[in-house]
Amino acid sequence: MRRVLILGGTAEARELARSLHEDARFTVISSLAGRVVDPRLPVGQTRIGGFGGPSGLAAFLTEHRIDVLVDATHPFAATISRNAARAADDAGVPALAVLRPQWEPLPGDRWSRVPTVAAAAGALAGRDGGRAMLTTGRQDAHEFATLDHWWFLIRVVDAPSGPLPAHHELLRARGPYTPDAERALLRAHDVDVLITKNSGGDLVSAKLAAARELGIEVLMVERPDRPSEVPAVPTAEAAYAALLADA
């Protein structure tokens, strides 16, 4: 029986945990960072909270006799991914990443690519102002706090704890979303610009289809670099197949 530790609370992490939990050849432990107050929990054994950096994760891998570490964290969880790669190397444990394909622009899209959320805020700062929908997550909303000449619809799962723009509406919601609902939301708030991270996947991609149809500009935050030494597959199904091949 192979012992697998899955890092992440993504849809891919939950799907892989379910497949492994139903397979008698594996024992699976899922680890969530604990940044979401009410996360969707995977089946099977789950732990919530950090490890204390790469050394703490390496110690966990050794103590719990983990055979494979799977990094199924969010594509923007770059620090966790770097820590996972280092910990796996230090503990001598094979690692595998599940990294969903990123979004690519389609005909009719009006994308402006920016390297970071801070760069997106900087791009807006140099404009005359308008109305923006912000979907980059609660930890990044503070980057827009000084843009008094803009109004923001800030959609998050959990409320941000830092400073927010002077003119905003907070919308707490969790996907998946439909194109019709996203189109209605953008129209109702007269949105000029959509700001989002290139997380990929289908769960929240409806906003891009709605923006395309309405001719709304998208400020697309590019993904950070991931550890190149960890092999990656695009889906939970592919990760399960890879684990079976090595079983």
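Note on region 50-82: residues that are in contact (Cβ under 8 Å) with a residue 60 or more places away in the chain and either in contact with a Ser or Thr (Cβ under 8 Å, 6 or more places away or on another chain) or of a type in the set (D, E, K, R) (or both) amount to 11.
If a residue must be closer than 30 Å to Gly92 by Cβ and either touching a residue at least 12 places away in the same chain (Cβ under 8 Å) or of a type outside the set (S, T, N, Q) (or both), how many such residues does region 194-243 contain? Final tally of qualifying residues: 20. Given the condition of a type in the set (Gly, Ala, Ser), assigned to a helix (DSSP H, G or I) and either surrounded by fewer than 17 Cβ atoms within 10 Å (Cβ to Cβ) or free of Cβ contacts under 8 Å to residues at least 24 places away in the same chain (or both), answer yes or no: does some residue in region 39-49 qualify? Scanning region 39-49, I find no residue that is of a type in the set (Gly, Ala, Ser), assigned to a helix (DSSP H, G or I) and either surrounded by fewer than 17 Cβ atoms within 10 Å (Cβ to Cβ) or free of Cβ contacts under 8 Å to residues at least 24 places away in the same chain (or both), so the answer is no. Name the residue that is modelled with the highest pLDDT, counting only residues in region 192-207 that are surrounded by fewer than 22 Cβ atoms within 10 Å (Cβ to Cβ) and aliphatic (A, V, I, L, M). My answer is Ala206.
Does Leu69 meet the test of being surrounded by 15 or more Cβ atoms within 10 Å (Cβ to Cβ) and either charged (D, E, K, R) or within 20 Å of the chain's Cα centre (by Cα) (or both)? When the stated conditions are applied, Leu69 passes them. Looking only at region 151-180, residues that are open to solvent by less than 10 Å² (accessible area, probe 1.4 Å) and either part of a strand (DSSP E or B) or among the aliphatic types (A, V, I, L, M) (or both) come to 4 in all.
Counting only residues that are open to solvent by 50 Å² or more (accessible area, probe 1.4 Å) and touching a residue at least 24 places away in the same chain (Cβ under 8 Å), which one in region 15-26 is nearest to Leu61 (Cα to Cα)? Result: Arg25.
Scanning region 93-129 for residues that are within 20 Å of Ala211 (Cα to Cα) and either assigned to a helix (DSSP H, G or I) or touching a strand residue (DSSP E or B) at 6+ places or on another chain (Cβ under 6 Å) (or both) yields Pro105, Arg110, Trp111, Ser112, Arg113, Val114, Val117, Ala120, Ala121, Ala123, Leu124, Gly129.
Among the residues of region 122-137, the one identified as of a type in the set (Gly, Ala, Ser) and open to solvent by less than 10 Å² (accessible area, probe 1.4 Å) is Ala132. Among the criteria (1) of a type outside the set (A, V, I, L, M, F, W, C); (2) more than 15 Å from the chain's Cα centre (by Cα); (3) part of a strand (DSSP E or B), the one Lys207 does not fulfil is (3).
Restricting to region 138-150, name every residue that is farther than 22 Å from Asn198 by Cβ and open to solvent by 30 Å² or more (accessible area, probe 1.4 Å).
Of everything in region 138-150, those that are farther than 22 Å from Asn198 by Cβ and open to solvent by 30 Å² or more (accessible area, probe 1.4 Å) turn out to be Thr146, Asp148, His149.
Residues that are acidic (Asp, Glu), free of Cβ contacts under 8 Å to residues at least 12 places away in the same chain and out of contact with any helix residue (DSSP H, G or I) (no Cβ under 8 Å at 6 or more places or on another chain): does region 139-151 have at least one? No, region 139-151 contains no residue that is acidic (Asp, Glu), free of Cβ contacts under 8 Å to residues at least 12 places away in the same chain and out of contact with any helix residue (DSSP H, G or I) (no Cβ under 8 Å at 6 or more places or on another chain). Looking across region 87-104, the residues that are in contact (Cβ under 8 Å) with a residue 60 or more places away in the chain and open to solvent by 30 Å² or more (accessible area, probe 1.4 Å) come down to Asp89, Pro94, Leu99, Arg100, Pro101, Gln102. One residue stands out among those in region 73-86 that are assigned to a helix (DSSP H, G or I) and not small (Gly, Ala, Ser): the one that is surrounded by the most Cβ atoms within 10 Å (Cβ to Cβ), which is Asn83. Of the residues making up region 170-183, one or more are outside the structural domain of Val70 (by the TED database) and touching a Pro at 6+ places or on another chain (Cβ under 9 Å).
The values are calculated or read from the model by the stated rules, or taken from the named source; none is laboratory data. No experiment lies behind these values; they were computed from the predicted model shown. Cβ sites come from the backbone with ideal geometry, for glycine too, and all protein chains shown count toward neighbours. Ligands, DNA and RNA are excluded from the accessible area calculation, which covers all protein heavy atoms including side chains. Shrake-Rupley method; radii C 1.70, N 1.55, O 1.52, S 1.80 Å.
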